[in-house]
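> Structure incoming, see below.
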Amino acid sequence: MRLLREAAVIAGKDLRIEARSRVTTNQVLPFGGLVIVLFAMALDADRPTLTRVAPGLFWVTILLAASLAAARSAAVEIENGAADGLRMSSLDGASIFLGKAAAVAVQLVGLELVLGVAVVALYDVEVRSSPVMIVGALCATVGLAAAGTLFAALASGLRARETVLPLLLLPVLAPVLLGGTRAWEAGFEGTPSDGWPWVQLLALFGLVYGSLGVLAYGSLLEES
Amino acid sequence: MLAGVDLDVVEGEIVLLSGPNGAGKTSLLRLLSGLLALTSGEANVLGHDLAVDRRSVRTQLALLGHDTFCYDDLSVVDNLRFAARAVGRSKHAAVEAADRAVERVGLARQAHLEHRRLSAGQKRRLSLGTALVRDARLLLLDEPHAGLDPEGRDVLDALVRDAASDGRTVVFSSHELDRARGLAGREVRIVAGEAHGGRFPTAAAASPTTSTSGSGSVSSAADEPVAGVSAARAGVDTEMAPGDAHEVSP
């Protein structure tokens with residue numbers, strides 16, 4: 001209970017920072033929208049191909065956006081020595097991890113909603129089985145937020161953290177790209193049974209990185 | 001960089017750390033706060049052995065460092081509320097503590113201004129406010145007068161005196177020696193990572209509250225030790241000769 005209460009304090013703080021700075025809504029969301037539109041323009045002449053690769057393009061965009069959101073989440077702790085303030089707090093490392101990952105997840109859900117609508121509108125796809133897509137997206141979001149928060153903390157002690165984080169994070173997120181793409185393909189094609197095994201992969205990924213974050217984040221905070 | 005500090009601090013005492021830039025004042029304060037790890041020796045602060053457990057001591061003290069530990073996009077009150085909640089205060093208690101601190105440090109008019117929009121002096125006051133909401137037994141203040149206007153310095157001095165009269169212990173560093181000496185009960189000069197005059201005069205007859213020796217120690221004369229360090233080394237270059245310490249930024 002204490003773990004969740006402390007995590008809520010951290011998540012509330014990070015979401016309040018986002019509400020004031022509007023980095024996700026004013027920078028990350030337009031970036032994602034631009035990527036979706038650019039893909040649509042590049043493949044517009046080959047509409048069947050665009051429709052076929054729509055799930056993959058969507059999840060590539062979400063992965064890039066997740067990298068930006070995780071980097072921002074870590075960056076606010078570097079400004080003004082705020083990480084030292086966290087070290088001086090009574091908050092447990094696991095609580096801090098869960099709170100920061102939860103805040104990133106909330107922002108990603110918002111991005112997925114807006115960009116998902118954009119994909120359906122621009123890429124000529126039809127949602128035939130929404131449950132597998134929704135559950136798949138939620139599991140993918142947990143994994144993205146957990147791995148993103150963990151690797152952003154890992155990179156935050158490095159001088160070139162802005163460029164190192166995507167290099168570290170994006171290969172690790174390959175299972176999310178694969179699982180999310182397959183789950184959404186199944187949703188668009190109306191064959192949900194093909195998608196559920198991939199949702200299980202996404203859930204496992206989220207569980208593994210969520211557990212790693214809970215166990216390791218305190219130590220990473222001490223060393224950063 | 002600490003290369004041989006012996007220091008006792010009695011509970012309720014106000015101790016000034018003076019010395020040239022790079023002498024080790026900031027390192028000593030960060031060591032006592034539990035943020036800087038001992039590389040050798042012993043340290044006890046507020047009853048916690050820093051060689052074994054640095055986390056526990058951190059929640060019981062407040063450190064005013066060179067950074068504000070605040071978030072640029074949060075307002076003054078939001079930063080104060082978060083600082084209070086981060087040490088376990090309830091939501092209601094955090095709101096009350098933040099409101100009191102805002103008045104105490106003279107930032108009532110800027111209460112809803114984001115940290116990024118504050119002047120350097122106002123940021124310093126906010127930083128002091130975050131230390132206040134922690135309700136700590138030990139206050140560690142690293143050059144607290146720096147960046148404050150005359151009114152802010154008076155506020156700071158009053159807060160330090162109030163804290164000491166409440167039985168809290170204050171250890172602070174300063175380069176404004178005239179003002180600082182008027183505030184402190186005792187001055188400890190840190191030179192090249194070593195402390196001069198660090199032992200409390202009656203420490204031999206009293207139980208230390210906080211003590212350090214070797215590379216940094218603090219002790220006080222309460223019934224139970226609050227903190228202490230013995231033969232401790234801390235800093236990046238542990239093999240550096242004491243005479244070289246002043247050339248390294250802490």
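The values are calculated or read from the model by the stated rules, or taken from the named source; none is laboratory data. For clarity, every value in this text was computed on a predicted model and none was experimentally measured. Backbone-built Cβ (ideal geometry, glycine too); neighbour counts: all protein chains shown.
> Tell me which helices (runs of 4 or more DSSP H) are completely within region B:44-123 and hold 3 or more residues being more than 10 Å from chain A (Cβ to nearest Cβ) and at pLDDT 95 or above, or say none if there are none. Walk me through it before giving the result.
On the way: elements: B:55-58, B:76-85, B:91-104.
Per the criteria, B:76-85, B:91-104.
> Would you confirm whether any residue within region B:3-13 is away from every other protein chain (no Cβ under 12 Å), touching a Leu at 6+ places or on another chain (Cβ under 8 Å), at pLDDT below 90 and closer than 17 Å to residue B:170 by Cβ?
Yes; the residues of region B:3-13 include at least one that is away from every other protein chain (no Cβ under 12 Å), touching a Leu at 6+ places or on another chain (Cβ under 8 Å), at pLDDT below 90 and closer than 17 Å to residue B:170 by Cβ.
> Output the qualifying pairs, or none if there are none: Cβ atoms under 7 angstrom, residues six or more apart or on different chains, first residue in region A:76-98 and more than 9 Å from chain B (Cβ to nearest Cβ) and over 17 Å from residue B:30 (Cβ atoms), second residue assigned to a helix (DSSP H, G or I) and among the charged types (D, E, K, R).
Going by the 7 Å Cβ cut-off, the qualifying pairs are A:92/A:6; A:95/A:6.
> From the set of residues in region A:46-75 that are among the hydroxyl-bearing types (Ser, Thr, Tyr) and over 18 Å from the mean Cα position of the chain (by Cα), which is farthest from the other protein chains (Cβ to nearest Cβ)?
Ranking the qualifying residues of region A:46-75, first place goes to A:49.
> Does residue A:132 satisfy being closer than 30 Å to residue B:79 by Cβ and of a type outside the set (D, E, K, R)?
So residue A:132 fails the test.
> Further question on the same structure: Across region B:23-43, which residue is farthest from the other protein chains (Cβ to nearest Cβ) among those that are crowded, with 24+ Cβ neighbours inside 10 Å and part of a loop (DSSP other than H, G, I, E, B)?
B:23
> Could we say that residue A:186 is touching a residue at least 24 places away in the same chain (Cβ under 8 Å), buried (at least 21 other Cβ atoms within 10 Å of the Cβ) and within 19 Å of residue A:24 (Cα to Cα) here?
Here the answer is no, as residue A:186 does not meet what is asked.
> Only residues that are on the phi < 0 side of the Ramachandran plot and in a loop (DSSP other than H, G, I, E, B): list them for region B:124-159, please.
B:133, B:134, B:136, B:137, B:144, B:145, B:146, B:148, B:149
> Which of the residues spanning region A:24-71 are charged (D, E, K, R) and in contact with an Asp or Glu (Cβ under 8 Å, 6 or more places away or on another chain)?
Within region A:24-71, A:47 is the sole residue that qualifies.
> Under 7 Å by Cβ, and 6 or more places apart or on different chains, what pairs join a residue from region B:141-163 that is in contact (Cβ under 8 Å) with a residue 12 or more places away in the chain with one that is surrounded by 13 or more Cβ atoms within 10 Å (Cβ to Cβ) and among the polar types (S, T, N, Q)?
Sorted first by the residue in region B:141-163, then by its partner, the pairs are B:142/B:26; B:142/B:173; B:143/B:173; B:143/B:174; B:145/B:174.
> Report every pair of residues separated by at least 6 positions or lying on different chains whose Cβ atoms are under 9 Å apart, first residue within region A:131-144 and farther than 12 Å from residue A:175 by Cα, second among the charged types (D, E, K, R) and modelled with pLDDT of 95 or more.
The qualifying pairs are A:132/A:194; A:136/A:182; A:137/A:112; A:141/A:112.
> Next question, about the same structure. When the residues of region A:30-81 are narrowed to those that are farther than 14 Å from residue A:123 by Cα and among the acidic types (Asp, Glu), which ends up surrounded by the most Cβ atoms within 10 Å (Cβ to Cβ)?
Out of the qualifying residues, it is A:77.
> Which of the residues belonging to region A:39-74 are of a type in the set (Gly, Ala, Ser) and in contact (Cβ under 8 Å) with a residue 40 or more places away in the chain?
Listed by number, the residues that qualify are A:40, A:54, A:56, A:65, A:66, A:67, A:69, A:70, A:71, A:73, A:74.
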